[in-house]
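Trainee: There's a structure below that I have some questions on.
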Amino acid sequence: MSAMPVTTIDGHQIAVDTEGFMTDYAEWDEALGATLAAQIGIDLTDQHWQAIRFLRQDFAAKGVTPTLRRVSVVGAIPTKTLFQLFPQKPAKKMAYIAGLPKPRGCV
């Protein structure tokens, strides 16, 4: 059994999966989220934070990373807006920045 990979971000040891998604909900904070966003070229605005905070709260309540549809319907952020905030693969990018497992159905 191999240990999960660990990466160091901003001097913190962070447990990640093979694709770099964080695996420990408790290791995340907003400063780390900002660093993760910068690594994939996203400069976080209030709108970005609204989506990321929704993801974190929903994950805490449900135990699964919310889908893009759930973020748009329950989180009340239109899908079009999510694609503008997180170009190309919004669900994957939001989960990455929010320190959550990759959403199911994302390749």
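Trainee: Pick from region 8-51 the residues that are assigned to a helix (DSSP H, G or I), among the polar types (S, T, N, Q) and out of contact with any strand residue (DSSP E or B) (no Cβ under 9 Å at 6 or more places or on another chain): which of them is surrounded by the most Cβ atoms within 10 Å (Cβ to Cβ)?
Mentor: Filtering region 8-51 for residues that are assigned to a helix (DSSP H, G or I), among the polar types (S, T, N, Q) and out of contact with any strand residue (DSSP E or B) (no Cβ under 9 Å at 6 or more places or on another chain), the one surrounded by the most Cβ atoms within 10 Å (Cβ to Cβ) comes out as Gln50.
Trainee: Still on this model: Being in contact (Cβ under 8 Å) with a residue 40 or more places away in the chain and more than 11 Å from the chain's Cα centre (by Cα), is that true of even one residue in region 49-63?
Mentor: No: zero hits.
Trainee: Step by step: first the residues of region 75-89, then only those that are touching a helix residue (DSSP H, G or I) at 6+ places or on another chain (Cβ under 7 Å) and among the aliphatic types (A, V, I, L, M), then the one that is surrounded by the most Cβ atoms within 10 Å (Cβ to Cβ). Which residue is that?
Mentor: Residue satisfying both the conditions and the ranking: Leu82.
Trainee: Now, a different point. Could you grab me the full set of residues in region 90-105 that are surrounded by fewer than 17 Cβ atoms within 10 Å (Cβ to Cβ) and free of Cβ contacts under 8 Å to residues at least 40 places away in the same chain?
Mentor: Within region 90-105, just Gly105 meets the criteria.
Trainee: Scan region 60-107 for residues that are in contact with a Phe, Trp or Tyr (Cβ under 9 Å, 6 or more places away or on another chain), under 21 Å from Val16 (Cβ atoms), part of a loop (DSSP other than H, G, I, E, B) and of a type in the set (Val, Ile, Thr) and jot them down.
Mentor: Across region 60-107, the qualifying residue is only Thr65.
Trainee: While we're here: Applying the selection to region 68-90, what residues are at pLDDT below 95 and small (Gly, Ala, Ser)?
Mentor: The answer is none; no residue qualifies.
The values are calculated or read from the model by the stated rules, or taken from the named source; none is laboratory data. Note that the coordinates shown come from a computational prediction; the quantities given were computed from them, not determined experimentally. For neighbour counting, all protein chains shown are included, and Cβ atoms are generated from backbone atoms with ideal geometry for every residue, glycine included.
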